[in-house]
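Presented below is the structure to which this report refers.
Here, each number is a calculation from the coordinates, and none is a lab measurement. These figures come from a predicted structure and were not determined experimentally. Neighbour counts run over all protein chains shown; Cβ positions are idealised from the backbone, glycine included.
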Amino acid sequence: MALLKIVKAGAPILKETASSVKTITKNTKRLLNDMAETMYEAEGVGLAAPQIGKSLQMIVLDDGNGLIELINPELLEASEELQDGPEGCLSVPGYYGDVKRSQRIKVRALNRHGKVIVYEPEGFLARIFQHEMDHLVGTLFIEKATNLRKVEE
Ligand code: NI
């Protein structure tokens with residue numbers, strides 16, 4: 001495993017739409033391992049591949065209940081009911097802002113074995129899914145946030 005360098009806001013790759021993963025290879029699995037290690041080391045709750053310089057539809061996340069890996073995630077449903085709460089991002093260190101997100105969503109993705117998994121996260125976990133999936137279409141939370149604030153590190 002290896003720690004990867006996290007790309008910061010301003011880098012063009014964070015504005016791109018990520019490519020879908022065509023074939024899951026040994027390299028895909030290695031990248032997922034390295035992304036998870038990098039996320040945990042940085043004490044983040046989610047990390048998308050563009051954030052480590054790979055324009056691919058891959059995400060790792062963990063709301064404290066275990067690691068979830070998403071390959072080629074697709075949003076199937078999003079509740080009209082919204083939640084509003086603070087977010088930060090490893091690519092925008094030191095900043096927080098409030099973002100409205102769906103309270104519940106339904107997402108289909110592949111796991112590292114190529115198996116289709118459907119997730120129905122709610123609350124904070126649903127927020128992490130939505131934040132990370134935004135990274136795959138080149139959107140940062142600071143574009144959606146209100147009350148953006150800098151926190152002393
Ligand atoms: Ni982020």
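What to note about this one:
- If only the Cβ of Lys and Arg carry +1 and only the Cβ of Asp and Glu carry -1, the dipole of the chain around its Cα centre is close to 680 debye.
- Top of Pro73, Pro93, Pro50 by mean-square fluctuation, Gaussian network on the chain, Cα under 10 Å: Pro93
- Exposed-site-free run, longest, the chain (rule: trypsin sites (Lys or Arg not before Pro); DSSP loop; at most 12 other C-beta within 10 Å): 23-114
- Values of log10 I(q)/I(0), in the order q = 0.11, 0.14, 0.16 Å⁻¹, for the chain under a Debye, Cα-only, solvent-free model: -0.38, -0.63, -0.85
- Candidates Gly85, Gly114, Gly46: whichever shows maximal mean-square fluctuation once the chain is modelled as a Gaussian network with Cα springs under 10 Å: Gly114
- Taking a sphere under 14 Å around the Cβ of Glu41 and counting the other residues whose Cβ falls inside, with K and R at +1 and D and E at -1, yields a net charge of -3.
- Entries of Lys29/Lys115; Lys54/Lys115; Lys5/Lys54; Lys22/Lys115; Lys8/Lys100 with Cα pairs more than 20 Å apart: Lys54/Lys115; Lys8/Lys100
- Selected from Thr23, Thr38, Thr139 as most flexible by GNM, with the chain as the system and alpha-carbon contacts under 10 Å: Thr23
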